[in-house]
Amino acid sequence: MKTPSVIKGLRLGQQIAIKYFFAAMILFCAQMIFGLIAGLQFILPEFLYQILDFNVTRMVHINAMIIWLLFGFMGSVYWLVEDEAGSDLVGYKLGNIGFWVLLIAVIVVVLVYLIVQVGPGTESSLWFINEGREYIEAPRWADIGIVAVMLIFFYNIAATFSKGKWSGISGVLVLDLLALAGVYLAGMFYSTNISIDQFWWWWVVHLWVEATWEVLVACIMAWGLIQTIGASRKIVTTWLYVEVALMFGSGILGLGHHYFWIGTPEYWLTVGGFFSALEPIPLVAMLVHAVYDAGTKNLKVSNHPAFAWFIAHVFGNFLGAGVWGFFQTLPQINLYTHGTQWSASHGHLAFFGAYVTINVAMFYMAVQKLRGNIAMGSGLLNKYRWKTSLILLNVGALGMTVALLIAGYEQAFIERAVGGSTWSGYFSAQRDSTFIASMHWRMLFGILMTVGTFFLAWDLLTIGKKNKNPVFETT
Ligand code: HEM
Ligand code: HEM
Ligand SMILES: [Fe+2]
């Protein structure tokens, strides 16, 4: 194979990873802008009415999120694969083509969302415009493209490990990628029976975020702990196995917490309630693991921003997914909270805490090497930038979560408990002053987060550029 034009010092997979990270960061900014518009439409319902309706802004907001997180994950795996395998990447050209195909598909899909906002739902709209499944609305042609790109990705990663060497981390990682791609197939067919349709759709959404993505970030975190604080591989791998067993043990049947009220058999109340109540356990294990590892080392961290974001990840995952998920997972409680801002409160903290954080940590790992393996510790210039974005994003996320939780609590009370889940109950909850105030607070914290995101982009573009710090040696 001809040697590609290289960015100095980066391995082949890392060259591809940089592209994924760059695209991810742009989509992250887009997600925030659409989030702000959606939030504003709660306060000013006529804002952009019939130009960019709420359902479209919301769809672009959450689709951009899913796609950029996936871009970030693929970048992260490309980033670490060669170090972990001890060999050069297999299929560099193919991987590059995959990146461009995916990027162009995403751009076309979003443009079509924005251009064709209303119209009948037919077989052809399913193929070319919108599949109508929350979070994964992409039309079927794009689904097929995504699966093809995932297959290339899977081949590249598995073949690189086979050429080099396998490890505990890489074994778990490759099996997990297979499961992640496999589950996506469940979201590709369509049924006119809404219960059946929702039944399969949850396989993608729930089994991604509560099983396969969690395992993927556990692998990235395991690698990250070895890299940033020199944790012992043996200990990290043992933890990984325990966490994966617990994660799949509780997360797979935990799926039942989405089957409470959609027309599935009643046994799901028991199964879902029981297993999803166990789901926080692996998240506690992950938290203890990271704190334990950090505590047993003479911490000499070579990348402060990355390490700070790894820490934000373990706490965010525990709080957002574990605690906020647990709040509403028992059917007796979910009866009141289902479909209120309570879910949005959990959705924001979980996605942010578990997945945004670890992606940002990986961006900082990458940028460190890109700038020539500079030490990113206390000697770094313009430290205020990464610190400001860290604070704005995390304070914003927590603030928004609390605002939405208050709104959800008010809805559960006024609409459900008092209003008996009627339409008039719904409207009196929407008109309640607590609800309206919460929507304003959400907006304020959303602005903080958006400013934080732009700060982050700025920092990543500039950090370490003018640094005369000594180059440190990676292991
Ligand atoms: C990082 C992991 C997780 C993420 C990203 C996540 C995200 C979400 C999101 C976005 C929703 C709203 C779905 C919708 O649009 O209807 C949701 C619903 C839900 N989540 Fe999670 N979640 C995670 C982990 C958990 C865990 C560990 C639990 C249980 C302990 C849990 C329990 C629930 C429940 C019960 C609902 C249903 C709310 C309802 O429809 O009434 N989640 N989750
Ligand atoms: C990294 C940051 C963010 C993440 C991970 C995120 C994630 C999500 C998720 C998962 C949902 C679906 C929730 C559900 O249906 O339960 C959602 C909806 C929404 N988000 Fe965000 N979001 C972020 C930032 C923002 C910002 C900055 C705003 C601005 C105010 C915002 C406003 C909204 C609004 C208005 C909705 C619709 C909620 C509804 O349907 O009631 N988000 N977001
Ligand atoms: Fe779930």
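The values are calculated or read from the model by the stated rules, or taken from the named source; none is laboratory data. Note that this is a predicted model, so its numbers are computed, not measured. Methodologically, a virtual Cβ is constructed for each residue, glycine included, from the backbone with ideal geometry; neighbour enumeration extends over all protein chains shown.
Output the residues belonging to region 123-138 that are part of a loop (DSSP other than H, G, I, E, B) and either of a type in the set (S, T, N, Q) or more than 16 Å from ligand 3 (Cβ to nearest atom) (or both).
Listed by number, the residues that qualify are 129, 130, 131, 132, 137, 138.
Out of all the residues in region 160-178, which are assigned to a helix (DSSP H, G or I) and surrounded by fewer than 17 Cβ atoms within 10 Å (Cβ to Cβ)?
162, 163, 168, 171, 175, 178 - these are the residues of region 160-178 that are assigned to a helix (DSSP H, G or I) and surrounded by fewer than 17 Cβ atoms within 10 Å (Cβ to Cβ).
I need the full set of residues from region 216-272 which are away from ligand 2 (no atom under 16 Å from the Cβ), in contact (Cβ under 8 Å) with a residue 12 or more places away in the chain and among the aromatic types (Phe, Trp, Tyr), in order please.
223, 239, 241, 248, 259, 268
I'm trying to understand the selection: among the residues of region 147-176, which are closer than 14 Å to residue 97 by Cβ and either free of Cβ contacts under 8 Å to residues at least 24 places away in the same chain or among the aliphatic types (A, V, I, L, M) (or both)?
Matches in region 147-176: 148, 149, 150, 151, 152.
Starting from residues that are touching a residue at least 24 places away in the same chain (Cβ under 8 Å) and more than 17 Å from the chain's Cα centre (by Cα), keep the ones in region 307-327 and report whichever is nearest to residue 258 (Cα to Cα).
326
Determine, yes or no, whether residue 265 is in the same structural domain as residue 412 (by TED's automatic domain parsing) and farther than 21 Å from residue 241 by Cβ.
For residue 265, the condition - in the same structural domain as residue 412 (by TED's automatic domain parsing) and farther than 21 Å from residue 241 by Cβ - is not met.
Restricting attention to region 307-326, does a residue exist that is more than 16 Å from ligand 1 (Cβ to nearest atom), assigned to a loop (DSSP other than H, G, I, E, B) and aliphatic (A, V, I, L, M)?
Within region 307-326, not a single residue is more than 16 Å from ligand 1 (Cβ to nearest atom), assigned to a loop (DSSP other than H, G, I, E, B) and aliphatic (A, V, I, L, M).
Within region 73-93, does at least one residue satisfy the condition of being surrounded by fewer than 23 Cβ atoms within 10 Å (Cβ to Cβ), in the same structural domain as residue 155 (by TED's automatic domain parsing) and polar (S, T, N, Q)?
Yes, there is a match, as at least one residue in region 73-93 is surrounded by fewer than 23 Cβ atoms within 10 Å (Cβ to Cβ), in the same structural domain as residue 155 (by TED's automatic domain parsing) and polar (S, T, N, Q).
Would you point out which residue out of 141, 200 is over 23 Å from residue 72 (Cα atoms) and assigned to a helix (DSSP H, G or I)?
200
Can you tell me which of (1) within 26 Å of the chain's Cα centre (by Cα); (2) modelled with pLDDT under 95; (3) among the small types (Gly, Ala, Ser) is the one residue 378 doesn't meet?
Here residue 378 meets the rest and fails (1).
Do you know which of the residues in region 31-46 that are assigned to a helix (DSSP H, G or I) and free of Cβ contacts under 8 Å to residues at least 60 places away in the same chain is nearest to residue 70 (Cα to Cα)?
Only one residue tops the list, namely 31.
Residues checked against (1) modelled with pLDDT under 95; (2) among the aliphatic types (A, V, I, L, M); (3) in a helix (DSSP H, G or I); (4) in contact with a strand residue (DSSP E or B) (Cβ under 7 Å, 6 or more places away or on another chain):
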site: 48; (1), (2), (3), (4): no, yes, no, no
site: 72; (1), (2), (3), (4): no, no, yes, no
site: 89; (1), (2), (3), (4): no, yes, no, no
site: 93; (1), (2), (3), (4): no, no, yes, no
site: 98; (1), (2), (3), (4): no, no, yes, no
site: 102; (1), (2), (3), (4): no, yes, yes, no
site: 107; (1), (2), (3), (4): no, yes, yes, no
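What single numbered condition from (1) within 22 Å of residue 336 (Cα to Cα); (2) among the charged types (D, E, K, R); (3) in a loop (DSSP other than H, G, I, E, B) fails to hold for residue 465?
(1)
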